[in-house]
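S.K.: Let me give you the structure first, and then I'll get to my questions.
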Amino acid sequence: METTLNIEYLTNKDGDVSAVVIPIELWRQLLLPNEEVSVAQLAGAVEDYCMNKAMDEAVNTPLLNRSQALAYLEE
């Protein structure tokens with residue numbers, strides 16, 4: 001199952017990314033809506049979310065045999 005997250009990047013006048021805007025649905029998946037959180041808690045929640053998404057994608061990825069895995073690592 002693949003979804004588009006519609007994440008927006010805000011830039012300053014020099015074109016450097018200065019902030020990220022995420023949809024409220026994703027925010028609610030990361031944290032309870034009325035909960036006060038620290039930066040460390042937010043970072044942990046984002047890391048957990050990303051790890052879960054990567055693991056979900058891995059389920060749909062074909063496994064490599066030993067020789068294919070070694071060839072991939074040599075690239």
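S.K.: Take the chain, drop everything but the C-alpha atoms, weight them equally and run the Debye formula without solvent; then report log10 I(q)/I(0) at 0.12, 0.20, 0.28 Å⁻¹ to two decimals.
M.R.: The Debye formula, applied to the Cα set alone, gives -0.57, -0.99, -1.32.
S.K.: Out of the total accessible area of the chain (probe 1.4 Å, heavy atoms of protein only), what percent is carbon and sulfur?
M.R.: On the way: 3820 of 6890 Å².
Carbon and sulfur atoms account for 55 percent of the accessible area of the chain.
S.K.: What's the angle, to the nearest 10 degrees (0 to 90), between helix 39-59's Cα axis and the longest principal axis of the chain?
M.R.: Rounded to the nearest ten degrees, it is 30.
The values are calculated or read from the model by the stated rules, or taken from the named source; none is laboratory data. In this text the structure is predicted, and so the values were computed from the model without any measurement. Heavy atoms of the whole protein, side chains included, go into the accessibility calculation; ligands, DNA and RNA do not. Shrake-Rupley method; radii C 1.70, N 1.55, O 1.52, S 1.80 Å.
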